[in-house]
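The values are calculated or read from the model by the stated rules, or taken from the named source; none is laboratory data. Here the structure is a predicted model, which means the values were calculated and not measured. Neighbour counts run over all protein chains shown; Cβ positions are idealised from the backbone, glycine included.
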Amino acid sequence: MINFQTIHSRVLPDQHDVGIVHIGLGAFHRAHQAVYLEKVLSEQGGDWSIVSANIRSNYRLVDQLNAAGLRYHVVEYSDKETAKVREIRAIKEAIFTGTEDGRKALLKYLTASTTKIVTLTVTEKGYYLEPVSGRLLIDNPDIRHDLNPVNQPKTALGFIVQALKQRKDQGIEAFTVLSCDNMPHNGVRAKQAAVEFAKVKDEAFAKWIEKNVAFPSTMVDRIVPAVSPADIEMIYADTGLNEPILVKTEHFSQWVIEDDFPLGRPDWETAGVQMVDDVANYEMMKLRMLNGSHSLLAYLGSLAGFKTVSEAMQDESIRAFLDFYMRQEVAPTLSSFSSEELEAYSEQLLQRFENTSLYHQLLQIAMDGSQKLPQRWLSTLLQLRDLKLPSTAIELGIAGWMSFVCHAAYGSQSINDPLESELFELSQNHRESSHDLVQSFLKRDDIFPSSLKENTALITRLADLINQIHSGTKIQQMMLSVIQ
Ligand code: CS2
């Protein structure tokens, strides 16, 4: 057993009606939004219980949560010896929409006048937007399916737009949509997705959404690795808790939200949420510093032979490389923060990454790279070019990602990315020449800003880095030559 403190729930679900519908009932939602709501409900009360739905995957979790009476625990590890165990009862109903009953239940809540807010954690790809431009992927089969009104929705967008239409027709005011995914201007992106989706069939309704639905942006932060069977065993040994639905996370948590909730909102401030007018700076800092470092660790750390974030962090060269990346390549692009603030933020991040209780798998972070890199590295790289500053750490990251894709393609292993088949084909087609490989990667202007595709100096540098990686040069050595 370790040193842990249990915080029992003081929420009595019967006393709080549902005010929020969440789509994307994964570990992150249970360890982040639900924990804040738990605090609000126990401190302030109010009708802000959550109905949480999974639209296509993880029906088992829904069953398990229901079997446990919608009560679960979040284990917050400060380090290997110290944790807080929180009991959570803020989720009042869990739904799986892979069945007719589940779809009906979700639509019933989405169209209820008591539902004021719809929160989303469906990951970047769940919005069906092209990563660089943010345009809706109208030809995607799931979107095509959901655009046909005789079909039952498969996507979050399909559900939201259908529910908004019913609310409009019945004279019920629109709920606020709060995207909690790691995208730049996530509110703007969610709005663009919903408006473009609606526009395909009904221009006037699309205009109505544009005018009547609030889509505040938000920055969410908490490291919540997927729970493995080994975690369940560890938590049992550490705390005596034995349940399949528990979530493991770090002590740190942050939520910054733009305050735009026409139908009202929970008193989130009492739970430590920062309500602001504009979230853009917080979001950019977090995406570039935290998520950007995470992606560097994911590709370069894996190539260096590590499996988890904290293992990779024990390597002095990797730690120094991340420190360099944040100070030299990200900090100059974040002019609205003082150097002291940025220093403190990056120092804290390095410590968070060192948390040895999390066993955060690098491969979990590596998935969906095509959807993540634009906001994590590429917008920074463009800004550094405008500032006439080098971006050698980011370039090593890009070469690492390309090599990672190639390794997987040659070994027929999945990279868990919606563009996997296209990226694999490209890797196979240019097996013989790193130069051509890089060139055709950079031509993918759904991932890379189009101004990079003609940049011959960049192409040569990336090809050279890939050659070094393929010829077995140690990643740590390559990192040190970036820093020196
Ligand atoms: C991670 C994030 O998997 C990933 O891509 O970078 O999930 C990260 O852990 C969270 O954004 C932390 O707030």
* On the given criteria, is SER295 polar (S, T, N, Q) and touching a Gly at 6+ places or on another chain (Cβ under 6 Å)? -> no
* Taking the range 143-157 as the search range and keeping residues that are within 27 Å of ILE20 (Cα to Cα) and in a helix (DSSP H, G or I), which one is nearest to the chain's Cα centre (by Cα)? -> ALA156
* Residues of the range 235-255 satisfying the condition of being surrounded by fewer than 20 Cβ atoms within 10 Å (Cβ to Cβ), within 22 Å of ASN3 (Cα to Cα) and either basic (Lys, Arg) or without any contact (Cβ under 8 Å) to a residue 40 or more places away in the chain (or both) -> TYR236, ASN242
* Asked: Just a yes or no: is a residue in the range 125-142 basic (Lys, Arg), assigned to a loop (DSSP other than H, G, I, E, B) and touching an Asp or Glu at 6+ places or on another chain (Cβ under 9 Å)?
  -> yes
* State all residues of the range 217-227 that are more than 8 Å from the ligand (Cβ to nearest atom) and in a strand (DSSP E or B); if no residue qualifies, say none. => THR218, MET219
* To do: Can you tell me which residue among ALA206, ALA214, ALA230 is of a type in the set (Gly, Ala, Ser) and either assigned to a loop (DSSP other than H, G, I, E, B) or within 16 Å of the ligand (Cβ to nearest atom) (or both)?
  => ALA214
* To do: Kindly indicate whether LYS80 is at pLDDT below 95, more than 16 Å from the ligand (Cβ to nearest atom) and either surrounded by fewer than 18 Cβ atoms within 10 Å (Cβ to Cβ) or within 19 Å of the chain's Cα centre (by Cα) (or both).
  => yes
* Structure fact -> Residue pairs qualifying under the 6 Å Cβ cut-off, at least six apart or on distinct chains, with the first in the range 222-233 being under 19 Å from PHE353 (Cβ atoms) and the second being away from the ligand (no atom under 15 Å from the Cβ) and among the hydrophobic types (A, V, I, L, M, F, W, C), are none
* Asked: If we only count helices (runs of 4 or more DSSP H) wholly inside the range 256-375, which ones have 1 or more residues that are touching a residue at least 40 places away in the same chain (Cβ under 8 Å), away from the ligand (no atom under 16 Å from the Cβ) and crowded, with 22+ Cβ neighbours inside 10 Å?
  -> 316-324
* To do: Using the structure shown, decide if ALA408 is within 13 Å of the ligand (Cβ to nearest atom), out of contact with any Pro (no Cβ under 9 Å at 6 or more places or on another chain) and modelled with pLDDT of 95 or more.
  => no
* Structure fact -> Note on THR239: of the conditions (1) away from the ligand (no atom under 16 Å from the Cβ); (2) within 28 Å of PRO332 (Cβ to Cβ); (3) of a type in the set (Ser, Thr, Tyr), unmet is (2)
* Structure fact -> Of all helices (runs of 4 or more DSSP H) fully inside the range 382-484, the set with 2 or more residues that are of a type in the set (Phe, Trp, Tyr) and buried (at least 20 other Cβ atoms within 10 Å of the Cβ) is 392-410
* Structure fact -> Residues in the range 16-34 that are surrounded by fewer than 23 Cβ atoms within 10 Å (Cβ to Cβ) and either among the aliphatic types (A, V, I, L, M) or out of contact with any Asp or Glu (no Cβ under 9 Å at 6 or more places or on another chain) (or both) total 3
* To do: Please name all residue pairs, on different chains or six or more residues apart, with Cβ atoms under 6 Å, provided the first residue is in the range 42-68 and is buried (at least 21 other Cβ atoms within 10 Å of the Cβ) and the second residue is of a type in the set (Ser, Thr, Tyr).
  => VAL51/TYR109; ALA53/THR97; ILE55/THR97
* Residues located in the range 158-184, provided they are surrounded by 19 or more Cβ atoms within 10 Å (Cβ to Cβ) and under 17 Å from the mean Cα position of the chain (by Cα) -> VAL177, LEU178, SER179, CYS180, ASP181, ASN182, MET183
